[in-house]
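Below you'll find the structure, written out as structure tokens, and then a few comments.
The values are calculated or read from the model by the stated rules, or taken from the named source; none is laboratory data. Treat the numbers as computed from the prediction; the structure is a model and nothing was measured. Every residue, glycine among them, receives a Cβ derived from its backbone with ideal geometry; neighbour counts consider all protein chains shown.
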Amino acid sequence: MSASIRLSILFVVICTLFSYPLAAQNPVVIGNARFSFINSGLVRLEYALEGKFTDDSTLFAVNREITYHDLQLTDKGNNRYTLTTPLMRIEYFDNGFPFGQQNLRVYFQHQGKEKSWLISHENKHGNLGGAITTLDGIRSPVELQEGLLSREGWYAIRDTHAPLLKNGWLENRDPNHLQDIYLFIYGDDYKFALKSLQTISGSVPMTRKYVHGSWYCRWWNYTDEDYRQLVREYKEHHFPLDIMVFDMGWHTQKEARVGTGHAGNTGWTGYTWNRKLIPDPDKLIQEFKDDDIQVVLNEHPHDGLRDHEDRYPAFMQAMNVDTAGQKNLLFDAGNKHYMEHFLHHAHGEADAMGIAFWWLDWQQDYIYPQVKGFNITHLPWLNHLYYQYSQQNGLRGAGFSRWAGWGDHRHPIQFSGDAAGNWEMLKFEIKLTATSGNAGCFFWAHDIGGFFDGKDPELYTRWTQFGLLNSSLRIHSIYDKDLDRRPWLWGEEYERAMRTIYEMRSQLMPYIYSSVWQCHTDMIPLNRSMYIDYNTQREAYLHPQEFMFGDLLLGAPVTSPRDSVTQFAQQTVWFPENEIWYNLFTGERVNGGQTLSVSSPLNQFPLFVKGGYPLPMQAFTERMTSAPLSTLIIRTYPGKDGEANTYTLHEDDGISMDYAQGAFASTKITYQQNGKRIHITVFPAEGQYKGQVAKRAYRFELPEIPASSVTAKVNGKKVKPIKDEALRGYVIEVAARDIRERVVLEVS
């Protein structure tokens, strides 16, 4: 062996023996590479020439605060380094080149084996799916976008080309900033993955409560009297209503002489009230507000404020542009000066009248592919601007637009666009709604029944049942005299079935809104695929037709017509192990760990609740999101013997940002069953907010108790249980009392 070889071997041995851990300061900079550890399973990988890294936000990454420190750095010599957290090990070779297959590899444990990640890896095989930007014109299932969750245990979000946010506006990146990648390592802990998304990209904000109620929307040229008649009909037919949407008929259209327009209509964009249809919009909006009905206006902003608009002169003056010759400015979302004045003048009059928020109906990427001057399409940027604009006078933001990708979870809510109404699309929307939470898209407001086609009343009824388990129960349809989604226009049998759903939606609002709070605090989707809660159970990955709606409800909406002979429809339902489930319509008990074909008549569908948990509800009200919770209904189906479970009711004012400063109330409710003894405790409400009720009554509903008689005590005093045949159990009524008072129910 030559002397040179012996020296080389000795050098390698010495380097190996004397590789040493260094004090790890997060972030770690090695040459032109920077590693920022957000938590043990999330690392930001940057490569920038001359070390020109950036700490500015993007629309995806808004949190640049580094608080994680459980990190080790080992210098292995020869420009080779190891960075280690409890969930990953990064091997990096500083060879003077950007991240590639030869200089960067990440190792992690998944399902008992060591796995590795390379920058070239794509996450397609195991990806569990995400959201979609729009279903416009779609008649059959399409490919979903990728979501964060994958059976491979990792996902990478590449933010390299995204513009930065500086001083509240877009700014292109330094060209020396070559790579910006976020690598999520989570194994099969999907809730941790979503929590990591929350850490870097921000929480899902609390929505305005009324967006989770009942909406009426139709593309039609309604008059003010038509709108009043709609409200009267909702009342006459006993259907709840919270939001009335004015589609584009509210503004003038024929007066537009120039512009790109859309669908052959130059007046697609508009901001001047059509007073031939709505002579006094201020009066109409105030009437609806007095009746606790919110008004939403549709807009397509791509043609801006043109010379036929009432606000054109004032807008042009604000822009310091001479109006001689009726000059029109092109819509310019990348111009801060333009957008500030555009929003003020286009929206200001209607905002002052008291509309709730705007429906941003952007479809014009084919006209304006990118925001002028920046490497970004319009939808994510407009969603950001409009959401910020809606946060005025202490109000929560209220977005209503198509899904724009990573980071858009901070601008809820979303609508999925103009899909066809058919059985295939109903089935696809169910899958889409469940997987969208994997990308942070938690709140869909679908066009219930489909935007066009979908004239089969059975299909519409089944779609409405799916709508019960959407974030919003919103109907909408195309400009077609033969297509109006008012439930009472579809035949008596179908009206009754749909009324049942609307009533249940109203009754479940305390549970729904508490689940929305969980979305905000824990980053857990409202609608979620079964594997998020039951990740270790194989069957959880095999049933896209079902999902959890909050923690307690399992839904599997019907997606096929009923049998012509039996008049029942079938749906396959998998019931997770180690739980007891009850059909919310029939009370039928099902033990977990099995898959069944569930039969449902027209007025029912597979909807199951976990046994052993308190389900907070309210009495039916036609204004489900604004009526005070003066009586709290607590329904509890039997659970496992000896097991104690808790559910926490969340309440706040439903509209303001005060919740962010702690202005909300939490009421913990526990349920325990020991043999034939049931013990339910409603703990004193903690916290306060404007408009909070000081006292409330309680109605305890105890279904599926076969005993011919039971005894009950409330706070140690005997009360009379009432036999309820519909529940096949008992009801105990408790008179109104201070919400700070503990209520203990004992039943035996």
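A residue that is part of a loop (DSSP other than H, G, I, E, B) and under 19 Å from residue 144 (Cβ atoms) can be found somewhere in the stretch 449-465. The set of residues from the stretch 113-153 being small (Gly, Ala, Ser), part of a loop (DSSP other than H, G, I, E, B) and surrounded by fewer than 19 Cβ atoms within 10 Å (Cβ to Cβ) comprises 120, 126, 137, 140. For the stretch 294-315, a residue qualifies if it is more than 27 Å from residue 365 (Cβ to Cβ), surrounded by fewer than 21 Cβ atoms within 10 Å (Cβ to Cβ) and touching a residue at least 12 places away in the same chain (Cβ under 8 Å), and the qualifying residues are 310, 314. Among the residues that make up the stretch 124-146, is at least one of them over 30 Å from the mean Cα position of the chain (by Cα) and aliphatic (A, V, I, L, M)? Scanning the stretch 124-146 turns up no residue that is over 30 Å from the mean Cα position of the chain (by Cα) and aliphatic (A, V, I, L, M).
Would you check which residues across the stretch 661-676 are among the hydroxyl-bearing types (Ser, Thr, Tyr) and crowded, with 19+ Cβ neighbours inside 10 Å and list them? Hits for the stretch 661-676 are 667, 671. Of everything in the stretch 316-356 that is of a type in the set (Gly, Ala, Ser) and under 16 Å from residue 382 (Cβ atoms), the residue that is surrounded by the most Cβ atoms within 10 Å (Cβ to Cβ) is 333.
Only residues that are surrounded by 14 or more Cβ atoms within 10 Å (Cβ to Cβ) and under 15 Å from residue 697 (Cβ atoms) were counted across the stretch 723-735, and they come to 4. In the stretch 621-633, the count of residues that are among the β-branched types (Val, Ile, Thr), out of contact with any helix residue (DSSP H, G or I) (no Cβ under 8 Å at 6 or more places or on another chain), outside any loop (DSSP other than H, G, I, E, B) and surrounded by 24 or more Cβ atoms within 10 Å (Cβ to Cβ) is zero.
Which residues, counting only those in the stretch 306-365, are at pLDDT 95 or above and among the small types (Gly, Ala, Ser)? Answer for the stretch 306-365, where residues must be at pLDDT 95 or above and among the small types (Gly, Ala, Ser): 314, 318, 333, 334, 346, 348, 350, 352, 354, 356. Here residue 46 meets each of (1) outside any loop (DSSP other than H, G, I, E, B); (2) loosely packed, with under 14 Cβ neighbours inside 10 Å; (3) among the acidic types (Asp, Glu) with one exception, condition (2). Identify, please: which residue in the stretch 80-105 is among the hydrophobic types (A, V, I, L, M, F, W, C) and within 15 Å of residue 46 (Cα to Cα) and is, among those, surrounded by the most Cβ atoms within 10 Å (Cβ to Cβ)? Among those residues, the one meeting the criterion is 104. When residue 374 is tested against (1) touching a helix residue (DSSP H, G or I) at 6+ places or on another chain (Cβ under 7 Å); (2) not in a strand (DSSP E or B), just one condition goes unmet, and that condition is (1). If only residues of the stretch 705-721 that are surrounded by 13 or more Cβ atoms within 10 Å (Cβ to Cβ) and modelled with pLDDT of 95 or more are counted, the one that is nearest to residue 584 (Cα to Cα) is 721. Consider the stretch 439-483 and keep the residues that are among the acidic types (Asp, Glu) and within 27 Å of the chain's Cα centre (by Cα). The one that is surrounded by the fewest Cβ atoms within 10 Å (Cβ to Cβ) is 453. Residues in the stretch 520-547 that are among the basic types (Lys, Arg) and surrounded by fewer than 22 Cβ atoms within 10 Å (Cβ to Cβ): 538 alone. Without any contact (Cβ under 8 Å) to a residue 24 or more places away in the chain and within 30 Å of residue 577 (Cβ to Cβ): is that true of residue 668 in this structure? So residue 668 fits the description; yes. Screening the stretch 487-513 for residues that are surrounded by 18 or more Cβ atoms within 10 Å (Cβ to Cβ) and outside any helix (DSSP H, G or I) and picking the one that is nearest to the chain's Cα centre (by Cα) gives 508.
Among the residues of the stretch 642-683, how many are in a loop (DSSP other than H, G, I, E, B), of a type outside the set (Asp, Glu) and more than 30 Å from the chain's Cα centre (by Cα)? Looking only at that region, the number is 3. Being in a loop (DSSP other than H, G, I, E, B), of a type outside the set (Lys, Arg), farther than 23 Å from residue 209 by Cβ and in contact with a helix residue (DSSP H, G or I) (Cβ under 8 Å, 6 or more places away or on another chain) is a description that applies to residue 329.
Counting only residues that are in a loop (DSSP other than H, G, I, E, B) and of a type in the set (Lys, Arg), which one in the stretch 154-209 is farthest from residue 38 (Cα to Cα)? For the stretch 154-209, the residue satisfying everything is 208.
Entry remark, the stretch 692-708: residues being closer than 17 Å to residue 727 by Cα and not in a strand (DSSP E or B) number 6 in total. In the set (1) more than 30 Å from residue 377 (Cβ to Cβ); (2) in a loop (DSSP other than H, G, I, E, B); (3) hydrophobic (A, V, I, L, M, F, W, C), residue 83 fails one condition alone, (2). For the stretch 397-438, which residues satisfy the criterion of being surrounded by fewer than 22 Cβ atoms within 10 Å (Cβ to Cβ), part of a helix (DSSP H, G or I) and acidic (Asp, Glu)? Within the stretch 397-438, 424 is the sole residue that qualifies.
Residues that are in contact with a Leu (Cβ under 9 Å, 6 or more places away or on another chain), farther than 30 Å from residue 524 by Cβ and not small (Gly, Ala, Ser): does the stretch 253-273 have at least one? Yes, because at least one residue in the stretch 253-273 is in contact with a Leu (Cβ under 9 Å, 6 or more places away or on another chain), farther than 30 Å from residue 524 by Cβ and not small (Gly, Ala, Ser). For the stretch 250-293, a residue qualifies if it is surrounded by 14 or more Cβ atoms within 10 Å (Cβ to Cβ) and among the β-branched types (Val, Ile, Thr), and the qualifying residues are 252, 260, 266, 269, 272, 278, 285, 293. Among the numbered conditions (1) farther than 23 Å from residue 680 by Cβ; (2) not in a strand (DSSP E or B), the only one that residue 573 does not meet is (2).
For the residues 479, 531, the requirement of being in a loop (DSSP other than H, G, I, E, B) and hydroxyl-bearing (Ser, Thr, Tyr) singles out 479. If the condition is being closer than 22 Å to residue 247 by Cα and in contact with a helix residue (DSSP H, G or I) (Cβ under 9 Å, 6 or more places away or on another chain), then the stretch 385-403 contributes 385, 386, 387, 389, 397, 398, 399, 400, 401, 402, 403. Restricting 499, 474 to those that are in contact (Cβ under 8 Å) with a residue 60 or more places away in the chain, in the same structural domain as residue 423 (by TED's automatic domain parsing) and more than 25 Å from residue 135 (Cα to Cα) reduces the list to 499.
Filtered by the rule that a residue be of a type in the set (Phe, Trp, Tyr) and assigned to a strand (DSSP E or B), the stretch 534-570 gives 547, 549.
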